[in-house]
Amino acid sequence: MKIVRNLEQLRKLEQKIHLDGETIGFVPTMGGLHEGHLSLVDVARKNADKVVVSIFVNPAQFAPHEDFDEYPRTESEDLAKLEARSVDVVYLPIQEDTFPGDFAVKISVGEIGQILEGVARPHFFDGIALVVTKLFMQVKPDVAVFGEKDFQQLHIIKKLVQDLSMPVKILGGKSIREEDGLAMSSRNVYLKEKRSVAPVLFEVIQEVRDRIVTGDADALDWGRREIVARGFERVDYLELRDGGSLEPLEVMGKPAKLIVAAYLEGVRLLDNIEVVNII
Ligand code: AMP
């Protein structure tokens with residue numbers, strides 16, 4: 001496994017892989033790696049000849065009050081996990097090289113970045129689009145893999161690639177969960193005495209899904225109340241959206257996503273599940 005910290009080295013590897021007629025599958029991450037990230041590595045491996053993983057805690061997607069400084073940084077453990085998964089190249093860009101003081105370009109993903117997660121975090125998806133674009137220009141992947149756990153992010157990256165005609169195929173990887181159902185996340189390490197409450201989120205959205213498919217008009221409100229009644233501090237949103245566009249669902253019978261963000265011990269937890277057979 002090659003560990004690369006500067007762009008020149010990375011470009012040499014990229015050029016060699018492509019000159020050899022091989023393809024690159026890319027998994028961008030912010031580190032704090034868990035089985036969810038590693039499952040995306042497996043998807044990349046199945047769909048490309050060489051796998052490149054980046055670890056970069058992207059300052060452009062954190063607001064000043066958010067957890068940029070505290071975000072889990074576990075480089076040596078991460079590298080061991082990637083090595084065990086036979087990753088070919090790990091790219092660890094240096095903050096100052098990536099976003100130097102005179103960095104000026106901005107990307108706006110438009111309205112789609114202002115709904116759901118974007119209501120609480122209006123600059124979040126623009127920051128993600130910026131770093132993903134930059135990483136794509138550097139790594140030049142043929143395929144890139146993102147988790148369905150961050151469903152809005154996956155949707156926005158697909159749109160970014162389509163709008164800017166980027167020559168990369170975007171694949172989604174399914175959400176990997178702890179044994180008790182909690183979707184894995186690097187931020188789960190922030191959960192302390194209420195960790196045992198966290199699976200409530202997945203349990204309740206499954207029950208909401210079951211209520212929706214039987215035509216219960218109160219299902220979403222019930223879910224919002226139930227998540228709080230069972231120990232969460234606050235539900236930011238629990239919504240049923242068109243799985244293709246993320247617009248509010250207007251035509252029943254289309255594949256839909258039930259998407260939730262809620263706070264437990266001050267930690268923002270996200271989850272989503274598919275809803276089919278809506279009456
Ligand atoms: P992050 O390091 O949180 O930026 O995540 C890097 C990638 O891993 C993103 O594409 C996430 O959607 C994906 N990811 C995070 N958690 C999971 C999970 N539990 N299952 C599958 N993919 C995940």
Once both label points are put 7 Å beyond Cα along the C-beta direction, the Gln114-Ser86 separation in nm becomes 4.8
Sorting Val57, Pro72, Thr29 by the position of each Cα along the dipole of segment 2-173 (Lys, Arg +1; Asp, Glu -1; all at Cβ), the one nearest the positive end of that ordering is Thr29
To the nearest 20 debye, segment 2-173 has a Cα-centred charge dipole, built from +1 on Lys and Arg Cβ and -1 on Asp and Glu Cβ, of 540
Zone reached by a paramagnetic label modelled 7 Å from Arg187 Cα along Cα→Cβ, restricted to segment 116-133 with backbone N below 19 Å, covers 116-132
Among Ile259, Ser108, Thr98, the residue whose Cα sits farthest towards the positive end of the charge dipole of the chain, when +1 is placed on the Cβ of each Lys and Arg and -1 on the Cβ of each Asp and Glu, is Thr98
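Probe of 1.4 angstrom, ligands and nucleic acids ignored: what's the accessible area per residue over segment 2-173, in square angstrom?
On the way: 8230 Å² over 172 residues.
With the other protein chains kept in place, segment 2-173 gives 48 Å² per residue.
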Helix 124-139 sits off the longest principal axis of the Cα atoms of the chain, rounded to the nearest 10 on a 0 to 90 degree scale, by 30
Note: segment 1-156, point scatterers on Cα, Debye, no solvent; log10 I/I(0) at q = 0.14 Å⁻¹ equals -0.71
With R₀ set to 22 angstrom, the calculated FRET efficiency between the beta-carbons of His123 and Glu233, to the nearest 0.05, is 0.40
Log10 I(q)/I(0) at q = 0.19 Å⁻¹ for segment 186-273, from Debye over equal alpha-carbon scatterers, is -0.82
Heavy-atom accessible area per residue of segment 186-273, all protein chains kept, 1.4 Å probe, expressed in Å², is 46
Of the accessible area of the chain, computed with a 1.4 Å probe and all protein chains kept, carbon and sulfur make up a percent value of 53
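What's the FRET efficiency of Glu8 with Ala217 using the Cβ-Cβ distance as r and R₀ = 45 Å, to the nearest 0.05? Please report the intermediate quantities before stating the final value.
On the way: r = 59 Å, r/R0 = 1.32.
Here the calculated transfer efficiency is 0.15.
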As straight-line cross-link partners of Lys169, the qualifying lysines (C-alpha separation under 21 Å, not fewer than 8 residues apart within one chain) are Lys16, Lys46, Lys50, Lys134, Lys140, Lys149, Lys158, Lys159
Once Glu75 and Ala63 are pulled to full extension, the length gained, defined as 0.36 nm per residue separation minus their Cα-Cα distance, is 2.0 nm
For the chain, whose charge dipole is built from +1 on Lys and Arg Cβ atoms and -1 on Asp and Glu Cβ atoms, the candidate among Ala183, Phe202, Ile156 with its Cα farthest towards the positive end is Ile156
Among segment 206-226, those whose backbone N falls under 19 Å of a label point 7 Å along Cα→Cβ from Val276 are 206-215
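Where does the chain land on Rg(C-alpha)/(2.2 N^0.38 Å)? Before the final figure, lay out each step's value.
Details: Rg = 19.2 Å, N = 279, 2.2 N^0.38 = 18.7 Å.
Dividing the Cα Rg of the chain by 2.2 N^0.38 Å gives 1.03.
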For segment 157-261, the dipole about the Cα centre with charges only on Cβ (Lys and Arg +1, Asp and Glu -1), to the nearest 20 debye, works out at 440
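The values are calculated or read from the model by the stated rules, or taken from the named source; none is laboratory data. Remember, predicted model here, so these are calculated numbers, not experimental data. A quick note on method: Cβ atoms are made from the backbone with ideal geometry, for glycine too, and the neighbour counts reach across all protein chains shown. The accessibility values were calculated without ligands, DNA or RNA, using every heavy atom of the protein model including side chains. Shrake-Rupley method; radii C 1.70, N 1.55, O 1.52, S 1.80 Å.
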